[in-house]
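The values are calculated or read from the model by the stated rules, or taken from the named source; none is laboratory data. Bear in mind that the values here come from a model prediction, so they are computed numbers and not experimental data. So basically every Cβ, Gly included, is an ideal-geometry build from the backbone, and we count neighbours across all protein chains shown. With ligands, DNA and RNA removed, areas are computed over all heavy atoms of the protein, side chains included. Shrake-Rupley method; radii C 1.70, N 1.55, O 1.52, S 1.80 Å.
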Amino acid sequence: ASTASSYIYGGNFEARGNVVAQNVNGQIGTATLSFTGTGAQIFTQTSGVLQKGDVTVNKASGTLTLGANASFNQSGQKMFITAGTVDMNAKNLTINSTLTISSGATLTCNGGVLTRGSLANSGTLNCP
């Protein structure tokens, strides 16, 4: 990954614990944000544009729970749930482009609103 003006371009930003994104304003740049922890994780986006890269959830165990509304709405931005469970926890999730849910992976709206572009689903999508 390279940086310019405090932005990270390319590479992978790997989160194995809880993440609170506050006033980030795109500073992760085009890096992929990956949630890979084996236990429970909470993602809370409080303000600003998180990043322009894709988002991947690849958890061998545990659940990624939204602690606030999450918006991955940059042009072409995708979300891949390759393993594990994402619980929207009555929060809203916005994905600009494709949402991919792989076999064995789960996304549960749990009272939240899912807004997305296209869907590639071979896993479990528990949303109205």
### Query
Which condition does residue 33 not pass, out of (1) in contact with a Gly (Cβ under 9 Å, 6 or more places away or on another chain); (2) surrounded by fewer than 17 Cβ atoms within 10 Å (Cβ to Cβ); (3) closer than 17 Å to residue 17 by Cβ, if it passes all the others?
(2)
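Listed here are the residues, each with its yes/no results for (1) in contact with a Lys or Arg (Cβ under 9 Å, 6 or more places away or on another chain); (2) open to solvent by 40 Å² or more (accessible area, probe 1.4 Å); (3) modelled with pLDDT under 90; (4) more than 15 Å from residue 86 (Cα to Cα).
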| residue | (1), (2), (3), (4) |
| --- | --- |
| 19 | no, no, yes, no |
| 25 | no, yes, yes, yes |
| 29 | yes, no, yes, yes |
| 38 | yes, yes, no, no |
| 42 | no, yes, no, no |
| 49 | no, yes, yes, yes |
| 58 | no, yes, no, no |
### Single residue of 100, 56, 94, 30 found to be among the hydroxyl-bearing types (Ser, Thr, Tyr) and more than 13 Å from the chain's Cα centre (by Cα)
30
### Query
Taking into account only those residues within segment 63-82 that are outside any loop (DSSP other than H, G, I, E, B), modelled with pLDDT of 95 or more and not polar (S, T, N, Q), which is most open to solvent (accessible area, probe 1.4 Å)?
80
